[in-house]
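*Asks:* Can you read through this structure? Questions will come right after.
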Amino acid sequence: MPLQAALFEKITQTRYLSQDDYIAYRSIMRLFYLEYQKMNYQMDKETILQLLREDPVFAHYTMEQLIPDLNQLVEWKNLTPIQDPHKVYTVADFKNRQFQYMMSPVALEVERMTILLETLSARTAGLSSNAFRRIQAALHTAEHLDSLSLREINGWWQDLQDDFQRLRQNHQDYLREFYGPNAEKRMKSADFIAYKQQLIRYLEEFIQDLQNSVTQIGAQLERFSPEQVAQILDRVYQSELEIPRPQQEQDGSWQEELKLRDQGVWQSLQNWFVGKHSTARQVMEVTNEIIRRVVQNAALLVQMRNLGVSNKAELRHLMTLFSRCETLEDAHRLSALVFGAQQARHFSVNADRTTDRIDLSTYEEPPLEFALQPRTRTFKPRMDRTGFADKSREKAAQRAEILARERRLKEEVMRCIQDGTLDFEALDHPVSPEVRTVFLAWIALANLSPDRRGFTEYGQGFTLEHRPGRTCLLQCTDGVLSMPSCKLIFGEDHHA
């Protein structure tokens, strides 16, 4: 289904909520909304300024500040200016365009939305079963729609949609509180114990009403044949066509959208109440899970409270028994009886024992040490912090070795240069791979230069000369390299 063209247009009426000077814009729009509730639909700028100055924040707000703010809200289509001819006394006053300002319909809905958002956290949803009763009554009325007028059918349909939407929204808002980020923290607080029993009773009563109502409403919906459903939706569609609509809402597909919307509402009713996998069954499962979590958390809280109960009398009696033990062996036996069995931890390590006797007591063997590490992913073994070792001697030896290797390479390269010329055809002895790499680097350097010139890493300048159409074989210790015949002529020295 293609997206509507309205989705690709900006809603400029919401821009005042996020501007840098949003305090003034929001205050003006809230003032218009409050006056709208009092049926004061139009106000001039003097009245607006007077009402704003009643707030201490705008005690020093001037007309010069108000006029640009009003003009900006008019540009964003939040306010609609209306020429006010009643207070015109001169031609100059008329030219100054004294306006009355009124909220636009879109701005009115935006401001209602902001008030809803401001009070959203303070709203408390409830699990009332009244919506079930009204839905049952509405479905019973659906069997006799032929006796109702189109206006009565439209009212019936709107009431059914409102009850269904309220039912879904209330149970979602209420049960969502038990799955929020702070739900576990609230359930584990000490005040939750007193609240637990009342909550469980409240949820259990809702489940009982839900079970009874789902069965009855599901049976009512299943009794409707496809022909009856089509007839009901057709009557609803006819009743909605009777409502006068603005011309801008009557685009090419508005009638088809009405039918699809009504069919979607009826299908949502079916999905919510009918079938083993209906939404109502899922709600019951979620509510039972919440009751289970509530009971479990309450039991844990009670257990944690009992851990702090003082056992002075028991501890005094145990200390008296220990003080009467005549030998250490008797104390060990008493300790094993009181603390040993239920709190014992056994570790098995791969270590050599001094003896293989099985009747030897643990106290008679030397202790074994075994390092335990936490079973957490973030654990890292402790690093031993030591100073830096002095490796100057190793570095000096390594430097001397590198310099000696470079010196031997230079001597081997220089032996290949005869009378200031390095002729690759005239080389009569194999060269090492290192020397070959140096020669090829010189040739590549000269080829990249426009004048075929370059400088070696030893500070010598050279010129590359090619012999067109000829090749030569460079004998190397690891093979033979076939390459174009050329020679390097060394001349002026260059030192970087």
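Any read-out appearing in this document is the output of simple, stated calculations on the displayed coordinates, not a laboratory observation. Small disclaimer: the values here were computed from a predicted structure and weren't measured. With ideal geometry, Cβ positions are generated from the backbone for all residues, glycine too; neighbour counts draw on all protein chains shown.
*Asks:* Give me, ordered by chain and number, the residues 5 or more places off Val274 or on other chains with an amide H under 5 Å from its own placed amide H.
*Replies:* Residues meeting the criterion, in which the H sits 1.01 Å from N, do not exist here.
*Asks:* Rounded to the nearest 0.05, what FRET efficiency do Glu465 and Glu394 have when you use their Cβ-Cβ distance and R0 = 41 Å? Walk me through the numbers on the way to the answer.
*Replies:* On the way: r = 46 Å, r/R0 = 1.13.
Once rounded, the FRET efficiency stands at 0.30.
*Asks:* Could you list which residues have their amide H under 5 Å from that of Ser485, counting only those 5 or more apart in sequence or on another chain, with H placed in the peptide plane?
*Replies:* Here Arg467, Arg470, Thr471, Cys472 satisfy the definition.
*Asks:* If you don't mind, another one. Give a residue-ordered list of calculated ³J(HN,Hα) values for region 54-66 (Karplus: 6.51 cos²θ - 1.76 cosθ + 1.60, θ = phi - 60°; whole Hz; x for Gly, Pro).
*Replies:* These are the phi-based 3J(HN,Hα) values: 5, 8, x, 5, 10, 5, 10, 6, 10, 5, 5, 7, 5 Hz.
*Asks:* A further question on this structure: Apply 1/(1 + (r/R0)^6) to the Cβ-Cβ distance of Gln296 and Gln158, taking R0 = 45 Å, and write down the FRET efficiency to the nearest 0.05. Please report the intermediate quantities before stating the final value.
*Replies:* Numbers: r = 43 Å, r/R0 = 0.96.
E between Gln296 and Gln158, to the nearest 0.05, is 0.55.
*Asks:* Once you place label points 7 Å from the Cα toward the Cβ at Glu289 and Gln208, how far apart are they in nm?
*Replies:* Between Glu289 and Gln208, the simple spin-label model gives 2.5 nm.
*Asks:* How would you order 328-339, 204-215 from highest to lowest mean count of nearby Cβ atoms within 10 Å?
*Replies:* Details: 328-339: 12.4, 204-215: 15.3.
Put in order of decreasing packing, that is 204-215, 328-339.
*Asks:* Count neighbours as other Cβ atoms within 10 Å of each site's Cβ, and list the trypsin sites (Lys or Arg not before Pro) in region 346-429 that are DSSP loop with at most 10 such neighbours.
*Replies:* Arg353, Arg357, Arg375, Arg377, Arg382, Arg385, Lys391
*Asks:* Further question: Give me Phe388, Phe273 ranked fewest to most by other Cβ atoms within 10 Å of their Cβ, as a rough exposure proxy.
*Replies:* Lowest count first: Phe388, Phe273.
*Asks:* Per residue of region 255-272, in order, report the coupling 6.51 cos²θ - 1.76 cosθ + 1.60 (Karplus, θ = phi - 60°) as ³J(HN,Hα) in whole Hz, putting x for Gly and Pro.
*Replies:* These are the phi-based 3J(HN,Hα) values: 5, 5, 5, 4, 4, 5, 5, 5, 5, x, 5, 5, 5, 5, 4, 4, 5, 7 Hz.
*Asks:* What residues qualify as long-range amide H neighbours of Gly454, i.e. H under 5 Å apart, gap of 5 or more or another chain, H built at 1.01 Å from N?
*Replies:* Those lying under 5 Å, H to H, from Gly454 are Phe462.
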